[in-house]
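Here, each number is a calculation from the coordinates, and none is a lab measurement. Only a predicted model underlies this, so the values are computations on that prediction, with no experimental measurement involved. As a convention, Cβ positions derive from the backbone with ideal geometry for all residues, glycine included, and neighbour counts pool all protein chains shown.
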């Protein structure tokens, strides 16, 4: 065997050993969801999940001990942030887009709103290293930081039979995120388990519209045996175009409950940083057809993940339905499926009722499980 | 009763006896000190300590305590005489003296560190004697904002929390040495008919009434965010406090939540004998609200005035009450204006004077005699104005009752210092100060 082949064989053996370490955790997909995809080189184990949860909530994973993954993906707020349109990173820095929910992230074929990553194991390093998110200056910095924390002593070794590294940190975090699977909603019990009483007549009508007149299902797909409510594709609805190309927009600013002021974008110039541009999927593919296109979000637990769209610009499901009913915002890269729908008020209500029936039955359990971890600082 | 509460009640009872006679004169806020604090400076202040935010690319880039000589008899009058860097940038914000005025506590809203400076040994050259770094881990709170002296204790109002960086938070009690004693969550349930929002901002205690008031701002997500982005984020703008809380000081239990919309900030009590009121300004709605006890002993909040044109969101950010409790300075950040309100008629305050003091202004502190008014510029690092409007300064004005005359202005960028925020006065006499209880305190 040549030397490179010998090294490759050793690396494979090591990876196999890493994969086999720990207590296996069987993953049973809930009703309505396909089997949870788990990479061969990172099987789920109790040790990895526990370590990943600890890392996920640990604010010490940022240089000034203020940011963890969970500060933006808040368990009680749908594993996103209900209190922000777009996220805020270390030292209050601006993040262009909303924190996507992590419910059912295990199933996503493309990660981030622009789909620039393909695996949870790799994805976790994006926020860790982004200067405007968790702000760590380098991979080695993160590894050494964790190595220096007493309460991590032995945890990586138990989970992976090796210490913290770029690979094991990614695998641990991905393992925890892979457990955030949520299904068995009332819709699932009606549609897949044929429980006729699981949905109300209005909710059933909402699904009929979702699949028909409203055209939602074309992108938020539903299969015969399960449903992720996403085609994993990228579409331009006009939200990104309006934000990036709109003129002097007006904003209705809440000053107190029931009290508002009207403020124009131009009036904020003296105290605003220049709004960052965002051309969506185009930034990854450089294909003009992808301008202002963003990943189709899955809709499970959508009632828990407001505000909506990649920029959190639409606060309620009712307003989301209104947006689509109007056919989005016209632009030359608009998805051809975006057209005025002509929905009646009753139909809009039915659609919203249906969307609210997509909440999984294990949300509270996932929150309880999440809060087993301490914030670290 | 928890042991910490029991101790606090006992300490307050003793302090009440000791301070009984001395509390009454503490009507001014020189500019906003706790009534439990000794040694108010009633003559000429010698120093102004400015808690200054470091700015990347300016000087050493670190937060620092800047000391300015403000005694006109000094050859260094109006000059920076010391700058003590504490390392890094963590959103330096407010400060507060211990009851003996020997130590100055200063907090950072981002990384939640608290710095304790010895200002007694050499008031011209404060010394950092302790850094508290574990407030979030010990309490689950984030963003130590107000530092309020109690007998032998420091009460700290936090602004946010480690769970979601929202506005639900609490109070934390420390010994003067900086040892954690207890924490008290802000109420989130209905107390006295109004639901608490759990938010915090300022602390104001009226010992004679055994009443503490707290006000409500917003959480880390919002106070750390670029202000232009914040204004345009509809969800974020829903997350500001709209309440004040009336607490029983001895038991540290909330007694009543008051509805005070629009993020009520600084609280200023009139502690004149027999007075039973405090005043606050709501930042977002640009209103003055009076908090007063009625004949039956019930506390009520009543909006009594507007500040500027509320539709333009002038953003009143600090207030300073005069010693006789008849006047109120109000700084409005957006238009850089310092405003004087005649509050002789508490039900109808009247704005009687305005002056633009800069492109932006934040804190206002007046001397005990009301003749000197100091102004600083920085609100929050990411809320401050940008470009040429980002003026950073400490300015002194003389007030003759009719007009403000600028004496000097220190450009904090030109001096390579940073963003000038909170001010506290210092005096050479503090070196010999003792605690109200008579015993000298020292940090180990």
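Below is a table of values for the structure above.
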{"read-out": "Computed lengthening from residue B:402 to residue B:324, 0.36 nm per intervening residue step minus Cα-Cα distance", "value": "26.4 nm"}
{"read-out": "Average other protein chain Cβ within 10 Å of Cβ, residues B:220-226", "value": "6"}
{"read-out": "Sites residue B:429 and residue B:309 - FRET efficiency at Förster radius 35 Å, r taken between beta-carbons, to 0.05", "value": "0.20"}
{"read-out": "Percent of alpha-carbon pairs separated by more than 55 Å within the protein assembly as shown", "value": "15"}
{"read-out": "Estimated FRET transfer efficiency when R0 is 45 angstrom, pair residue B:42-residue B:411 (beta carbons, to 0.05)", "value": "0.90"}
{"read-out": "Separation of the residue A:224 and residue A:319 label points, Cα + 7 Å toward Cβ, nm", "value": "4.1"}
{"read-out": "Fraction of alpha-carbon pairs over 23 Å apart in the stretch B:235-386 - percent", "value": "37"}
{"read-out": "Residue exposure sequence - A:358, A:180 - by fewest surrounding Cβ within 10 Å", "value": "A:180, A:358"}
{"read-out": "Projected-area average for the stretch B:209-306 over all orientations - Cα convex hull basis, square nanometres", "value": "7.2"}
{"read-out": "Tilt relative to chain A, helix A:46-56 - C-alpha long axis, 0 to 90 degrees, to 10", "value": "60"}
{"read-out": "Likely footprinting exposure, B:85, B:365, fewest C-beta neighbours within 10 Å first", "value": "B:85, B:365"}
{"read-out": "Square roots of 5 times each gyration tensor eigenvalue, C-alpha, chain A, largest first, Å", "value": "36, 27, 20"}
{"read-out": "Segment residue A:36-residue A:349, length gained on full extension (0.36 nm per residue, minus Cα span)", "value": "109.4 nm"}
{"read-out": "Förster radius 35 Å - calculated FRET efficiency between residue A:116 and residue A:365, Cβ distance, rounded to 0.05", "value": "0.65"}
{"read-out": "Most to least packed among B:212-222, B:184-194 [average Cβ atoms within 10 Å]", "value": "B:212-222, B:184-194"}
{"read-out": "For chain B, convex hull of alpha carbons as volume per residue, Å³", "value": "131"}
{"read-out": "Separation of the residue B:251 and residue B:60 label points, Cα + 7 Å toward Cβ, nm", "value": "4.9"}
{"read-out": "Separation between Cα centres of the stretch A:279-335 and the stretch B:83-154, rounded to whole Å", "value": "45"}
{"read-out": "Mean ellipticity per residue at 222 nm, deg cm²/dmol - from DSSP H runs of n ≥ 4 across the protein assembly as shown, formula -39500 (n - 2.57)", "value": "-5500 deg cm²/dmol"}
{"read-out": "Normalised convex hull volume, the stretch B:96-205, alpha-carbon set, Å³ per residue", "value": "99"}
{"read-out": "Residue list for the stretch A:342-377, given a label point 7 angstrom along the Cα-to-Cβ vector of residue A:201 and an amide N cut-off under 19 Å", "value": "A:344-355, A:357"}
